[in-house]
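Heads up: the structure comes next, in structure tokens.
The values are calculated or read from the model by the stated rules, or taken from the named source; none is laboratory data. Note that this is a predicted model, so its numbers are computed, not measured. Note that each Cβ is placed from the backbone with ideal geometry, even for glycine, and that neighbours are counted across all protein chains shown. Accessible surface is based on the protein model in full, side chains and every heavy atom, while ligands, DNA and RNA are left aside. Shrake-Rupley method; radii C 1.70, N 1.55, O 1.52, S 1.80 Å.
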Amino acid sequence: LRGDREALTFLLEEQLPVGAEQIVADFVTSENHALGIAVETQAYRPLVLALEQAGLQVQAIAPAATILAQEICKSTSDEDNFVLLDGTDGWELFQLQDGAPTHWWFQSSSMAETPFHTELLTASALAGRPLRLRTFADADIEIPGLEVVKADTAASRQTTFEARIHDGLRHVADGSEKLWFDLHRGQLAIGDPLRELRGPMRMLAIAILC
């Protein structure tokens, strides 16, 4: 797996303005597809190091949106092909296959009234069969061949999102689940040599990259 990740990281490098040696990446893979995320090491290593030196054990590093989407997918239908999230800065769209993401898009809510119209229209046209979108957003979406399922109301959404992210972190902390993506590896997997001496100072922290 390590060799596969390294090879995928160098492939991902072709899409990024920085070299593979400057990033930490992780991937969700299927038989013929891989979805990867990455961060620049120098942007987050000081934060991880500071947490570790303060006695906080960083157990995982992941985007809040992927933690949320993963938790949502556990409680939704296997027939859902897309999950749309409405965040504070814009919309997040995940395309799913067998409960795992194959694509992930972000779009600023100021760019258009209807999010991801082109992406959803293209996917529906290529699928050759009806697709289903489960939406946690207020935007009205009408795409030929796409069934849209409204998941909740705006009033309850923020509380629901926070609770589900908390659940996802708790499951990671107790070891019962693994995240889709976890960037706590490579140069971001920093160990504190004094950790065993800290005794009661030892705590557990989950670092979230928003």
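Criterion applied to Glu79, Glu92 was being modelled with pLDDT of 90 or more, of a type in the set (D, E, K, R) and either outside any helix (DSSP H, G or I) or surrounded by fewer than 16 Cβ atoms within 10 Å (Cβ to Cβ) (or both), and the one residue passing it is Glu92.
The one condition from (1) open to solvent by less than 60 Å² (accessible area, probe 1.4 Å); (2) touching a helix residue (DSSP H, G or I) at 6+ places or on another chain (Cβ under 7 Å) that Pro63 does not meet is (2).
Taking the criterion of being in a loop (DSSP other than H, G, I, E, B), open to solvent by 70 Å² or more (accessible area, probe 1.4 Å) and touching a strand residue (DSSP E or B) at 6+ places or on another chain (Cβ under 8 Å), would at least one residue in the range 124-134 satisfy it? Within the range 124-134, one or more residues are in a loop (DSSP other than H, G, I, E, B), open to solvent by 70 Å² or more (accessible area, probe 1.4 Å) and touching a strand residue (DSSP E or B) at 6+ places or on another chain (Cβ under 8 Å). Condition check: closer than 21 Å to Asp138 by Cα, crowded, with 16+ Cβ neighbours inside 10 Å and not β-branched (Val, Ile, Thr). Does Leu51 satisfy that? The answer is no for Leu51.
For every residue, the table says whether it meets (1) more than 20 Å from Leu169 (Cβ to Cβ); (2) modelled with pLDDT of 85 or more; (3) within 14 Å of the chain's Cα centre (by Cα).
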site	(1), (2), (3)
Val28	no, yes, yes
Gly36	yes, yes, yes
Leu51	no, yes, no
Ala60	no, yes, yes
Leu85	no, yes, yes
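Take the conditions (1) open to solvent by 40 Å² or more (accessible area, probe 1.4 Å); (2) touching a strand residue (DSSP E or B) at 6+ places or on another chain (Cβ under 9 Å); (3) at pLDDT below 85; Gly186 misses just one of them, which is (3). For beta carbons closer than 8 Å, sequence separation of 6+ or different chains, a first residue in the range 161-174 that is open to solvent by less than 50 Å² (accessible area, probe 1.4 Å) and a second that is among the β-branched types (Val, Ile, Thr), the qualifying pairs are Ile165/Ile67; Ile165/Ile208; Gly168/Ile67; Leu169/Ile67; Leu169/Ile206; Leu169/Ile208; Val172/Ile206; Ala173/Ile206.
Filter the range 3-48 for residues that are surrounded by 14 or more Cβ atoms within 10 Å (Cβ to Cβ) and among the acidic types (Asp, Glu); which is nearest to Trp104 (Cα to Cα)? Per the criteria, the residue is Asp26.
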